[in-house]
Each structure stands twice: as C-alpha cells, then as structure tokens.
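Reviewing the structure listed below.
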Amino acid sequence: MLVHETRTGIGVSGGSAAGPVVQVAPPAAPPKDEPAPADVDAAIQHVLESFEAVAVELDTRAAGADEHAAPILTANAMMARDVGLHGAATDRLKAGDGPATAIKNAVEAYAAQFEALGGYFAERVADLRDVGARAVAAALGLPAPGVPPLTEPSVIVALDLAPADTATLDRELAIAIVTQAGGRTSHTAILAAQRGIPAVVQVPDATSIEPGTFVAVDGDAGEVAIDPDPALLEAQRVRREKRAAALATSTGPGLTADGHAVPLLANIGGVADAEEAGPQDLEGVGLFRTEFVFLSATVAPTLEEQTDIYTKVFAPFEGRRVVVRTLDAGADKPLAFADLGEEENPALGRRGLRLSQALPDLLDTQLKALAAAANATGADARVMAPMVATVDEAEWFASRVRAAGLKKAGVMIEVPAAALRSEHVLENVDFASIGTNDLAQYTMATDRMAGELSELLDPWQPAVIDVVAAACAGGAVHDVPVGVCGESAGDPLLALVLVGLGVASLSMAPSKVPAVRLALSLHTLEECRELARIARSARTAQDAHEAVRAAAKDALTEIL
Ligand code: PEP
Ligand code: MG
C-alpha cells in the first residue's frame, strides 16, 4: 500500500470525514459453465455447509441488531436453513449443476414460486435472493456481497453502490462513501448528499484499497487521501470550522442582497428525510422523490399505505409548500411493481410519466393518496410529473391531478423538448421545476450513470445553461414560476447563475441550503443576471465555472 497517496475523483456530496475503509463486495455470480461435481455427495455436503454458514452469519448479525432489523435477519437465517430449498439445490446437483449454479437455480425456482404466490411471499423475494447471493459467495469462498455489518465509523468503498444500499446505510457508522464508478448525478450520489454523507465517485482503483486502511475523504475537493498526513487532517478540520462559522450567519428565507425572494427548498426521499428537514430553516420541500420510498418494495403499495406515508411526509411542513413528484420509476430507479420489461435504452424508454401513462391506475392511486394526505394536513401540496416532453403529456397529467382534487399541478422540465417549447408546455400548468440532472443527460446525450463521461455531464456546460434559460423564458410568458430541483441548485455559484436566468426557487439536499442562502445574500438580482450573462458567454463548462467564480464575491468563494 502506498502511503500519503491522494486519489482524485469527483466530489458529489460535500464535507469531509476520515476513518478505516470497509470494502463492499460485489455480488458473486456462479462461474459460467461451472463443471458438474465429480463427487455429488461431497458437493451436496459443500452446498449444505454454505447455506449453514450464511444462516450462522445472519443469526450473529440478528443478535447485534435493533428491534427492526433483528426479526428480518432471523427470518432470513431460517430461509437459509429451509429443507425445501436444500432439497431443490440437491436435485440440481444430482442433475449436473455445479455447487454455485445449483444454489442460484434452486433460489430462482423458489423465487418464481414466491412471486406466483403473491402477497407476503412475493415481498420475501428480495430477501430470498439475498440469502441465495450469500450462499453462492460462500460456496465459492468469496466475501458476502453488499455492505458488511459496520462495527465502527467507517468509509464505505465500492465499485458502485446501488441506491437501495445507499438508502439503508447507517449514517452514524457510514461516515463517507467512495466509489470507483458512478456519476455526479447518479441516484447513489444524490442519496449520499441527501443523507449528508460526504461522497466521492470516480476514484481510480478505489476497490484495491485494503480494508482497514485509514483514509480521509474530502467530498468538496473530490479527494481521497490514503493514510493521510496529520497536517492534512488538521487542515480539513480548520476548513470545516471556517465554513461552519460563515454558514452559521446564514438564516431565514432565501433573499438576494437587494431583497428578491428565492425560496430555498429541500429535496427529500421519504418520511425520515421529511422529519429531519421539517424543523430546519428552509421554506418547504421542492422535490419529494416518491419512488425512493418504494425502491425495495416488490408489490405496489396500497392506497392506505401511501396515504399514511404521505401524511407523515406532509405533517412536518404545515403551512409550507411540499412539491411531490409522482413515481419516477424506470432507468436507474427500477421499481419491481412497475416493471414493463427489459428495454435496450431504459433512460430513453418508458420511465417517469411515460410509465405512468402505461399504468394509469398506479398514478391515480398515488394521486388519491396524495389528496387524502393533503386534506389531512396543513401542507401546501403541489404535484408534478417527471419526464414530461410534450404539451399533451403536460395537460394529460394536469387534468388527472385536478380530477383527484389536488389544487396545483406542475411538470418537471428535464427533457430538452419541454424546455424549448416551455411557452406551450407550461401554458396550462401551475408551476414547473427543472431537473438539471436529466436535462444535462439528455441535452448532452450522456448517460448520467456513465461516470467516465462526467465532464460532458457538468451542469456548467453552456448548452445546458442555454436550455435552462429557454425553460425560464417560456415560463415567464404565462407567469408560471420555474424552479430548479436538480443537483445544480445546490451549487452556490451555479445557483446565482440560475437566479440570474429567472429561476424562481431552488431545491436541494437540506445540507446544501446554508451555502446557497449565503451566496444569494451576497449578490443582488442584477449581479446574478450579470453572472448568468458571463456563464452564457463562456465557450466551455470550465470557462463558465471559472469566470463566474472570479466574478462572484470573495466572501463566498473563500469558503467554497
Ligand atoms: C433531475 O433529473 O434533475 C431530477 C431532479 O430528478 P432525478 O434526479 O430524480 O432524476
Ligand atoms: Mg430526473
């Protein structure tokens, strides 16, 4: 291992933290064409021992888990000891499967039966597959897949992390995230920022860092220092303090230096986020990503379940706005219960509103639940659709929202077509919110998951800024407020540019609000407009970023 080495990636969630590395093992697949066992009896013994090893590990974890996790882990250990599953694996071995293949095939056959039974059984399929993946790894002598149980504050290092893994990390113990792959607007990056966990993606050879190595992660600079110098740790501590002192002075509603109001709102992904954001100094919610609530659900949530969840989300925002986005399923956020089958290019396929149009009952149930939750609380609920491209889509959605008894219907602008034609797309809706993550992906024809193309996805790309300007201009024709809820809203310098372009509100991970509020308070609206002109006249993303940084107030740039 190299000492005092720093690896540079892309910082996607700010802040810094230092601790020992815990590596997340990728799921192990049975080898292709795994040979049939030479000694079937020995192979049966090996497979049974692999299942038992999984069961013992799950029991051990259950013993140390809280009251929510323990029963789940115990139930999973019982699955690993299920004689029916053992019998199915034994039959596969006798039929000529190798040990890992036999486990995988037996589990898949069981999963299909569970799915067919529906209800409680269907909900256990994800657990069953997890038990299977662990048994396959055990049979192959590989580490168990997924995030291992954390026993001390640790830096989580992975090739990439699934959004569901990021969402369930214990944030007291997962102090930073480092991935070798991943993009700046991947949903894993967003969840990390959401949860206030410093994160750096695209770190070269991250998976080769030995477990237990002490590293310092700087989510602002995008750096991971391996076995860092004490001086670096001290410098990080000093910067953390200076920034905290500057931000402590930033309170109240979002206002430019000359008093132009720009509501600062939270992006949230569920009840826990809402309860945490509710008491914070922000003006409401600008994006509730409802699909985040259901990432692990195997069956569609009922009307009652949804009403209960949305009521809990709205309750902390009595008297404030809560902008809810209907399910944005598909692409990198597949929902098991809203799956229309494989697609060649899921980001260009039936995701977001397109999927809702194919499954209108799912949308209507969600709208009904939202209306009930809005009535039960004093929150100012507004509902918008993801991935709107045309006037017809916008109007179809708005009519369904209003038919459900909800008062304000909006659309997200994240497809360039909707931005370019926003004058017409927004004519019959109440508000719009620009999703700069997807807008960058579709404007630059660059998969937001493709971390190696991150430069093209830079939200400072002048073309993306031009498309945002077009969206604002269309909204202005009908006085329809156009906000931004993509990651760029949380970048203090870019936020100034957005306001200069005419953006009416900014929604971001709550942890990013204070720096954006400070940025606004230091610049007048006219200065924001000048920064927008500077950004738009630049030829490259880097030039735009540097020129705006140079023109912004020192009191801001010295803490960024
Ligand atoms: C966006 O695309 O910018 C957005 C806010 O939606 P999501 O990141 O969830 O796709
Ligand atoms: Mg989007």
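The values are calculated or read from the model by the stated rules, or taken from the named source; none is laboratory data. Since we're looking at a predicted model, the values are computed, not measured. Every residue, glycine among them, receives a Cβ derived from its backbone with ideal geometry; neighbour counts consider all protein chains shown. These area figures cover heavy atoms from the full protein model, side chains too; ligands, DNA and RNA do not enter into them. Shrake-Rupley method; radii C 1.70, N 1.55, O 1.52, S 1.80 Å.
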> If Leu85 passes every condition in (1) open to solvent by less than 30 Å² (accessible area, probe 1.4 Å); (2) within 30 Å of Glu452 (Cβ to Cβ) but one, which one does it miss?
Replying inline: (2)
> How many of the residues making up region 237-259 are exposed (fewer than 15 other Cβ atoms within 10 Å of the Cβ) and within 22 Å of Val322 (Cα to Cα)?
Replying inline: 3
>> Suppose we filter region 404-450 for residues that are away from ligand 2 (no atom under 14 Å from the Cβ), free of Cβ contacts under 8 Å to residues at least 60 places away in the same chain, small (Gly, Ala, Ser) and in a helix (DSSP H, G or I); how many remain?
In response: 1
> Looking at region 226-331, what helices (runs of 4 or more DSSP H) fall wholly within it and have at least 3 residues that are under 29 Å from Gly19 (Cβ atoms) and out of contact with any Cys (no Cβ under 9 Å at 6 or more places or on another chain)?
Replying inline: 230-248, 271-277
>> Residue under question is Val299, and the condition is that it be surrounded by fewer than 21 Cβ atoms within 10 Å (Cβ to Cβ) and closer than 24 Å to Ala331 by Cα; does it hold?
In response: yes
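Test of understanding: among Ala100, Ala116, which residue is under 18 Å from Val47 (Cβ atoms) and out of contact with any strand residue (DSSP E or B) (no Cβ under 7 Å at 6 or more places or on another chain)?
Ala100
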> Going through region 499-512 one residue at a time, which ones are buried (at least 24 other Cβ atoms within 10 Å of the Cβ) and more than 16 Å from ligand 1 (Cβ to nearest atom)?
Replying inline: Val499, Gly500
> Tell me, which strands (runs of 3 or more DSSP E) lie completely within region 1-70 with 2 or more residues that are hydrophobic (A, V, I, L, M, F, W, C), surrounded by 13 or more Cβ atoms within 10 Å (Cβ to Cβ) and not assigned by TED's automatic domain parsing to the domain that holds His86?
Replying inline: 10-13, 16-23
> Do we have Val503 as part of a loop (DSSP other than H, G, I, E, B) and either more than 21 Å from Glu530 (Cβ to Cβ) or free of Cβ contacts under 8 Å to residues at least 12 places away in the same chain (or both) here?
Replying inline: no
> Which of (1) within 16 Å of ligand 1 (Cβ to nearest atom); (2) open to solvent by 30 Å² or more (accessible area, probe 1.4 Å); (3) over 28 Å from Ala473 (Cα atoms) is the odd one out, the single condition Lys333 does not satisfy?
Replying inline: (2)
> From the list Ala376, Ala450, which one is in contact with a Ser or Thr (Cβ under 6 Å, 6 or more places away or on another chain), surrounded by fewer than 19 Cβ atoms within 10 Å (Cβ to Cβ) and among the small types (Gly, Ala, Ser)?
Replying inline: Ala376
>> Ala489 - would you say it is part of a helix (DSSP H, G or I), open to solvent by less than 40 Å² (accessible area, probe 1.4 Å) and within 13 Å of ligand 2 (Cβ to nearest atom)?
In response: yes
> Since Val464 meets every condition but one in (1) away from ligand 1 (no atom under 12 Å from the Cβ); (2) crowded, with 18+ Cβ neighbours inside 10 Å; (3) not basic (Lys, Arg), which condition does it not meet?
Replying inline: (1)
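Just the residues that are under 14 Å from Pro30 (Cα atoms) and not β-branched (Val, Ile, Thr), please, taken from region 97-111.
The answer is Asp97, Gly98, Pro99, Ala100, Ala102, Lys104, Asn105, Ala106, Glu108.
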> Quick one: how many residues across region 467-486 are in contact with an Asp or Glu (Cβ under 8 Å, 6 or more places away or on another chain) and surrounded by fewer than 24 Cβ atoms within 10 Å (Cβ to Cβ)?
Replying inline: 5
> Which one of these does Asp328 not meet: (1) farther than 28 Å from Ala116 by Cβ; (2) out of contact with any Gly (no Cβ under 9 Å at 6 or more places or on another chain)?
Replying inline: (2)
>> Under 9 Å between Cβ atoms, which residue pairs at least 6 apart in sequence (or on different chains) link something in region 378-391 that is outside any strand (DSSP E or B) with a partner that is within 13 Å of ligand 2 (Cβ to nearest atom) and acidic (Asp, Glu)?
In response: Pro386/Glu291; Pro386/Asp328; Pro386/Glu414; Pro386/Asp438; Met387/Asp328; Met387/Glu414; Met387/Asp438; Val388/Glu414
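Per-residue answers, yes or no, for (1) on the phi > 0 side of the Ramachandran plot; (2) assigned by TED's automatic domain parsing to the domain that holds Gly284; (3) out of contact with any Phe, Trp or Tyr (no Cβ under 9 Å at 6 or more places or on another chain); (4) more than 16 Å from ligand 1 (Cβ to nearest atom):
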site	(1), (2), (3), (4)
Ala371	no, yes, yes, yes
Asn375	no, yes, yes, yes
Gly378	no, yes, no, yes
Ala381	no, yes, no, yes
Pro386	no, yes, yes, no
Ala394	no, yes, yes, yes
Ala398	no, yes, yes, yes
Leu406	no, yes, yes, yes
Ala409	no, yes, no, yes
> Of the residues that sit in region 477-496 and are more than 16 Å from ligand 1 (Cβ to nearest atom) and among the hydrophobic types (A, V, I, L, M, F, W, C), which one is farthest from the chain's Cα centre (by Cα)?
Replying inline: Val477
>> Based on this model, can you work out whether Val136 counts as open to solvent by less than 40 Å² (accessible area, probe 1.4 Å), touching a residue at least 40 places away in the same chain (Cβ under 8 Å), more than 16 Å from ligand 1 (Cβ to nearest atom) and β-branched (Val, Ile, Thr)?
In response: yes
>> I'd like the residue in region 451-486 that is within 16 Å of ligand 2 (Cβ to nearest atom) and β-branched (Val, Ile, Thr) and, out of all such residues, is farthest from Pro514 (Cα to Cα).
In response: Val467
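May I ask you to verify whether Ala374 is over 26 Å from Glu530 (Cβ atoms), away from ligand 2 (no atom under 16 Å from the Cβ) and out of contact with any helix residue (DSSP H, G or I) (no Cβ under 6 Å at 6 or more places or on another chain)?
yes
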> Taking the stated definitions as given, is Asp479 modelled with pLDDT under 95 and farther than 23 Å from Ala189 by Cα?
Replying inline: no
> Any idea which of (1) modelled with pLDDT of 95 or more; (2) open to solvent by 40 Å² or more (accessible area, probe 1.4 Å); (3) in a helix (DSSP H, G or I) is the one Leu496 doesn't satisfy?
Replying inline: (2)
>> Can you tell me how many residues within region 35-58 are over 40 Å from the mean Cα position of the chain (by Cα) and aliphatic (A, V, I, L, M)?
In response: 6
